[in-house]
Each structure stands twice: as C-alpha cells, then as structure tokens.
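The values are calculated or read from the model by the stated rules, or taken from the named source; none is laboratory data. This structure is a prediction, so every number in the text was calculated from the model and none was measured. Here the Cβ positions follow ideal geometry from the backbone for every residue, glycine too, while neighbour counts run over all protein chains shown.
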Amino acid sequence: MKTKSILVALVMAVSVAAVAADPVGPKVVVVNQKESGIFKVIYEGLQTGKVTLKIYNKENKVVFAETINGIDGFIRPVNFAGMEAGEYTIEVADASGKQIQKVEYNMENRINSVHVAKLGIESKYLLAVANKDAEEINVRIFDGNNNLVHNEDLVINGDFGLVYNLKNVTGVPTFEVTSKMGGTKVIK
C-alpha cells in the first residue's frame, strides 16, 4: 500500500509540473515610462514566429499596427506624444493567441505658464515661459489680422525668456506656444 501511495504522489507531482511548465499563451506587460507619453510593451512568446502589435483608440480604430517575423520576444517603446488623451487598447497576437492591455494616456504639458508683456512704448514684446526641464517648443506670432508673421522652433531648458521686435506688425499680435508634447498656449 505504501508503494502505491508513493507512486500516486509521484504521478500527481509530474502532472502538476507539466501543467505549470505549459503556460496558456504569450505574456505581455505594458509599462508607463512616465515621460513624454512613452509606454514600453514587453512581450514573451511560447515559440519563435510572427507577432502582431496593434493599438486601438477609444473608438476601436487601429491607430498603429506592426508585424514582426521570426521572434519569440521583444521590448518595444511606443510613443503616444501627439495623440489624443484617453484610453487605448494594446493588442499583441501570435500563433498561441492574443493578449490585450488597456492604457490611459494623458498629455503631459511640462510648460507651466506662458506670459507675454509689451515693453515700454516700443513695439517690443517679452515672451516668458516657465518650464520644468528641457523641452522643444514652437513659437508662432500672428498679426492683428491673424496672419502668421513669425514661426520658430526652439529648444529650451528650464525657464526661458526672449524679446521680439514687432515694429512692422500691424494690430495687436497673438503668440502661440506649442510644446512637443502637444500642449498649446495662446496669448493675445
């Protein structure tokens, strides 16, 4: 009887180990990098083959699709900068099945505030930007008739100020400052 009990226990242990070693499908983890709207998609498959990565917006429309052949795993950064804020679905599919993860993307505008001040009686204007870190911005200036009179890309690091001479601009100018992250501030 003792031998029979040991044999049954051994068979059960081998069965449990075999089930644990045979996962159900691919493993997918999505990690928010907390900077610039970048998420890392980490995929580990059961076998080498074709893998499809798709990203759907809240209307369930595909906004990104990529197929990679001959792999069994990857770490792929996905940049949401410039996308609309909201919930997205990340789907990774291979021959074993598909895994779905939901992520919430919120545009981070690192530009805290933008201020424009007219300097004295001359047509000079000070543009001041309060900013946390290094950032790429675009400055556009429109005249009183909403015609574009200046367009400039700048890389700033921390707080920033620049004086513009707008003596040839008619009417009250409008300043539009856009960060690479997609946030825009308009000042009249």
Part of a strand (DSSP E or B) and either under 21 Å from ASN79 (Cβ atoms) or touching a helix residue (DSSP H, G or I) at 6+ places or on another chain (Cβ under 6 Å) (or both): does that describe ILE100? yes
Contacts under 8 angstrom Cβ, first residue in segment 76-94 being loosely packed, with under 14 Cβ neighbours inside 10 Å, partner of a type in the set (Lys, Arg) and outside any loop (DSSP other than H, G, I, E, B), 6 or more apart: PRO77/LYS40; GLU87/LYS102
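Condition check: part of a strand (DSSP E or B) and surrounded by 14 or more Cβ atoms within 10 Å (Cβ to Cβ). Does LYS50 satisfy that?
Details: part of a strand (DSSP E or B): yes; surrounded by 14 or more Cβ atoms within 10 Å (Cβ to Cβ): no.
It is false that LYS50 is part of a strand (DSSP E or B) and surrounded by 14 or more Cβ atoms within 10 Å (Cβ to Cβ).
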Out of the residues in segment 165-188 meeting the condition of being out of contact with any Phe, Trp or Tyr (no Cβ under 9 Å at 6 or more places or on another chain) and in a strand (DSSP E or B), tell me which one is nearest to HIS115 (Cα to Cα). VAL177
Looking at segment 104-163, which of its residues are of a type in the set (Val, Ile, Thr) and farther than 20 Å from PHE80 by Cα? VAL114, VAL116, ILE121, VAL129, VAL139, ILE141, VAL149, VAL155, ILE156, VAL163
Of all residues being of a type in the set (A, V, I, L, M, F, W, C) and surrounded by 17 or more Cβ atoms within 10 Å (Cβ to Cβ) in segment 167-188, which is modelled with the lowest pLDDT? Just the residue, please. MET181
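Does LYS124 satisfy being over 23 Å from the mean Cα position of the chain (by Cα), surrounded by 12 or more Cβ atoms within 10 Å (Cβ to Cβ), farther than 24 Å from SER179 by Cβ and modelled with pLDDT of 90 or more? Talk me through it step by step, then tell me what you get.
Numbers: over 23 Å from the mean Cα position of the chain (by Cα): yes; surrounded by 12 or more Cβ atoms within 10 Å (Cβ to Cβ): yes; farther than 24 Å from SER179 by Cβ: yes; modelled with pLDDT of 90 or more: yes.
Yes, satisfied.
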Taking the criterion of being free of Cβ contacts under 8 Å to residues at least 12 places away in the same chain and more than 30 Å from THR48 (Cα to Cα), would at least one residue in segment 119-126 satisfy it? yes
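Taking into account only those residues within segment 133-146 that are out of contact with any Leu (no Cβ under 8 Å at 6 or more places or on another chain) and surrounded by 11 or more Cβ atoms within 10 Å (Cβ to Cβ), which is farthest from ILE187 (Cα to Cα)? Give the derivation first.
Filtering segment 133-146 down to residues out of contact with any Leu (no Cβ under 8 Å at 6 or more places or on another chain) leaves 133-135, 143-146.
Restricting the remaining residues to those that are surrounded by 11 or more Cβ atoms within 10 Å (Cβ to Cβ) gives 135, 143-144.
Numbers: GLU135: 19, ASP143: 12, GLY144: 12 Å.
Checked segment 133-146; the qualifying residue farthest from ILE187 (Cα to Cα) is GLU135.
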